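Scroll down for the structure; my scribbles are underneath it.
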Amino acid sequence: MEPRTLFQKVWDDHVVVQEPNRPAILYIDLHLIHEVTSPQAFTGLRERGIKVRRPDKTIATMDHSTPTDPRALMVIDDQAKVQLAMLESNCEEFGITCYPLGDSRNGIVHVIGPERGFTQPGKTIVCGDSHTSTHGAFGALAFGIGTSEVEHVLATQCLLQRKPKTLEVRIDGKLMPGVTAKDIILALCAKIGTGGATGHVIEYTGSAIERLDMDGRMTVCNMSIEAGARAGMIAPDETTFGYLVGREFAPKGADWDAAVERWKQLRTDEGASYDKTVTIDAHTLEPMITFGTNPGMGMQINESMPTADSFDDGSQKAAYEKAMRYMGLEPGRPLSGQKVDVVFIGSCTNSRISDLRMAAGVFSGRKVAEGVRTLIVPGSHDIKKQAEAEGLDRIFKEAGAEWREPGCSMCIAMNGDNLEPGQYAVSTSNRNFEGRQGKGGRTFLASPLTAAAAAITGQVTDPRSLLLS
């Protein structure tokens, strides 16, 4: 057999039928659903008299529309109320496990999948959510799907897919202090743009990736979609196995031993080739921040923003000028020192325990700048409990930040967790599109360290200046 990439191995293991010049029928091991993209799919099944093919391979959680204010936990959005109620009733009707609002196992879909042990190497995983690529950190082939595809997977446990190309992103070297996994992926998006990986599955390789813990790997894979990729993957290793062992739905005993032996084979073979390769020297990376209205408009935090003359391509120049008008920023000037109104630390990108620990290290012994609303939103109840056991919540609250309940929160501007028109936010989420965090809101994407530094100083700040003080 010819040498194969990690992607090729997982793909080959799941092809049910592949006819020439047609999409493959791909078997799906795990289907994750939430309240936003599933209601129409269940309605379609009901109208056609079809049952869910494998309810045991479908897991539901409430996350997008859930409130995070611990003082109320009231759903103030009428549409959100309907979505939440429908998910619970649909799951009950079709026999699907659901973690509803208030359940101790509830959390953001791309957080609870790994932490409960549903996410495992070699699986195919889909969800009606763009950032399903998160699960590729475990050596799974994971990607987002549309509402009609959600219905198709519920009905058949299969999906029609055209085989993507492969892109190796090799990152060697050691990250400098103050530089994180979020900075890696923001640097990649800035390097290749939001369309640089279109039609490809990214495999992240190299010593810098191997040094990342699983939280960091999930951050990197999460934002693969922001570079245009279909998915992102990292080969499983001892770090992966150490994370999964003992998880609720991970294999146990002899099954665990057998699984690890299988998972160890999920590495790109020597001599296998990729369609494209991009390389990054980790040692040269610095804290990153976005300045525009897509994740590819990013730069090192101490750089100056580009000017229109920096762009040769007319469409890129026009997009840049439009972004500058929306953001209310002056081209060619540094972003460092820009006033900030809101800081959000959370989302499926950066709401895990290591993210909260990083942020707490900056907040400890300091106070949030006057007038800066600061929300800290853990990704799940398990993470919230662990953070509280470690005293991180006290650090946040003593600093003047809001300690919230789990949910997607300000990432998608739900239930009052939103920016007001014209406000500037430093956010650890994954998208900075116009209005993403609130109509007229302006978002700078950054790491938990950079976000925490902005909360303390009230402006865009290199986190290293606080870490070294």
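What pairs can you find where one residue is in segment 172-184 and within 21 Å of Cys348 (Cα to Cα), the other is of a type in the set (S, T, N, Q) and in a helix (DSSP H, G or I), and their Cβ atoms are less than 7 Å apart, with a gap of 6+ or different chains?
Final answer for the pair search is Ala181/Thr219; Lys182/Thr219.
Any chance segment 365-387 includes a residue that's among the charged types (D, E, K, R), without any contact (Cβ under 8 Å) to a residue 24 or more places away in the chain, over 21 Å from Ser465 (Cβ atoms) and open to solvent by 10 Å² or more (accessible area, probe 1.4 Å)?
yes
Taking segment 82-134 on its own, how many of its residues are more than 18 Å from Asn350 (Cα to Cα) and outside any loop (DSSP other than H, G, I, E, B)?
Qualifying residue count, segment 82-134: 20.
From (1) touching a Lys or Arg at 6+ places or on another chain (Cβ under 9 Å); (2) within 25 Å of Glu35 (Cβ to Cβ), pick out the condition that doesn't hold for Asn415.
The single condition Asn415 does not satisfy is (1).
Quick check on Cys98: is it at pLDDT 95 or above, touching a Cys at 6+ places or on another chain (Cβ under 6 Å) and within 27 Å of Arg46 (Cα to Cα)?
So Cys98 fits the description; yes.
Can you confirm whether segment 212-220 contains a residue that is open to solvent by less than 10 Å² (accessible area, probe 1.4 Å), assigned to a helix (DSSP H, G or I), in contact (Cβ under 8 Å) with a residue 40 or more places away in the chain and among the basic types (Lys, Arg)?
Taking every residue of segment 212-220 in turn, at least one turns out to be open to solvent by less than 10 Å² (accessible area, probe 1.4 Å), assigned to a helix (DSSP H, G or I), in contact (Cβ under 8 Å) with a residue 40 or more places away in the chain and among the basic types (Lys, Arg).
Need the failing condition index for Val36 against (1) open to solvent by 10 Å² or more (accessible area, probe 1.4 Å); (2) assigned to a loop (DSSP other than H, G, I, E, B); (3) farther than 30 Å from Gly139 by Cα, just the number.
If we test Val36 against (1) open to solvent by 10 Å² or more (accessible area, probe 1.4 Å); (2) assigned to a loop (DSSP other than H, G, I, E, B); (3) farther than 30 Å from Gly139 by Cα, just (3) comes out false.
Looking only at segment 450-469, which residues are among the polar types (S, T, N, Q) and either open to solvent by less than 10 Å² (accessible area, probe 1.4 Å) or assigned to a helix (DSSP H, G or I) (or both)?
Passing the criteria: Thr450, Thr457, Ser465.
If Phe344 meets every condition in (1) within 19 Å of Thr374 (Cβ to Cβ); (2) part of a loop (DSSP other than H, G, I, E, B) apart from one, which number is that one?
Only one criterion in (1) within 19 Å of Thr374 (Cβ to Cβ); (2) part of a loop (DSSP other than H, G, I, E, B) is unmet by Phe344, namely (2).
Determine, yes or no, whether Gly242 is more than 28 Å from Ile383 (Cα to Cα) and open to solvent by 40 Å² or more (accessible area, probe 1.4 Å).
No, not satisfied.
Checking Arg4 against (1) out of contact with any Asp or Glu (no Cβ under 7 Å at 6 or more places or on another chain); (2) part of a loop (DSSP other than H, G, I, E, B); (3) not small (Gly, Ala, Ser), which single condition isn't satisfied?
All conditions are met except number (1).
Evaluate segment 349-360: report whether one residue or more is open to solvent by less than 10 Å² (accessible area, probe 1.4 Å), touching a His at 6+ places or on another chain (Cβ under 8 Å) and closer than 17 Å to Ala454 by Cβ.
Looking through segment 349-360, at least one residue is open to solvent by less than 10 Å² (accessible area, probe 1.4 Å), touching a His at 6+ places or on another chain (Cβ under 8 Å) and closer than 17 Å to Ala454 by Cβ.
Do you know which residues across segment 408-449 are over 19 Å from Gln83 (Cα atoms), open to solvent by less than 10 Å² (accessible area, probe 1.4 Å) and part of a loop (DSSP other than H, G, I, E, B)?
Leu419, Thr428, Ser429, Asn430, Asn432, Gln437, Gly438, Gly441, Ala446, Ser447
Please work out if Arg267 is open to solvent by 90 Å² or more (accessible area, probe 1.4 Å) and either free of Cβ contacts under 8 Å to residues at least 40 places away in the same chain or assigned to a loop (DSSP other than H, G, I, E, B) (or both).
So Arg267 fits the description; yes.
I'm checking my understanding of the structure. Among residues of segment 39-61 that are in contact (Cβ under 8 Å) with a residue 60 or more places away in the chain and of a type in the set (A, V, I, L, M, F, W, C), which one is surrounded by the fewest Cβ atoms within 10 Å (Cβ to Cβ)?
Restricting to residues being in contact (Cβ under 8 Å) with a residue 60 or more places away in the chain and of a type in the set (A, V, I, L, M, F, W, C), the top hit is Ile50.
Name the residue, out of Glu330, Glu321, that is assigned to a loop (DSSP other than H, G, I, E, B), over 26 Å from the mean Cα position of the chain (by Cα) and modelled with pLDDT of 95 or more.
Exactly one of Glu330, Glu321 is assigned to a loop (DSSP other than H, G, I, E, B), over 26 Å from the mean Cα position of the chain (by Cα) and modelled with pLDDT of 95 or more, namely Glu330.
Starting from residues that are among the small types (Gly, Ala, Ser) and under 14 Å from His34 (Cβ atoms), keep the ones in segment 75-91 and report whichever is least open to solvent (accessible area, probe 1.4 Å).
Ranking the qualifying residues of segment 75-91, first place goes to Ala80.
Looking for something open to solvent by less than 40 Å² (accessible area, probe 1.4 Å), charged (D, E, K, R), outside any helix (DSSP H, G or I) and farther than 22 Å from Asp129 by Cβ - is there at least one such residue anywhere in segment 198-206?
The answer is no, given that none of the residues of segment 198-206 is open to solvent by less than 40 Å² (accessible area, probe 1.4 Å), charged (D, E, K, R), outside any helix (DSSP H, G or I) and farther than 22 Å from Asp129 by Cβ.
The values are calculated or read from the model by the stated rules, or taken from the named source; none is laboratory data. In this text, all values refer to a predicted model and were calculated from it rather than measured experimentally. Here the Cβ is made from the backbone with ideal geometry for all residues, glycine too, and neighbour counts use every protein chain on show. In case anyone asks, the SASA skips ligands and DNA or RNA and just uses the protein heavy atoms, side chains included. Shrake-Rupley method; radii C 1.70, N 1.55, O 1.52, S 1.80 Å.
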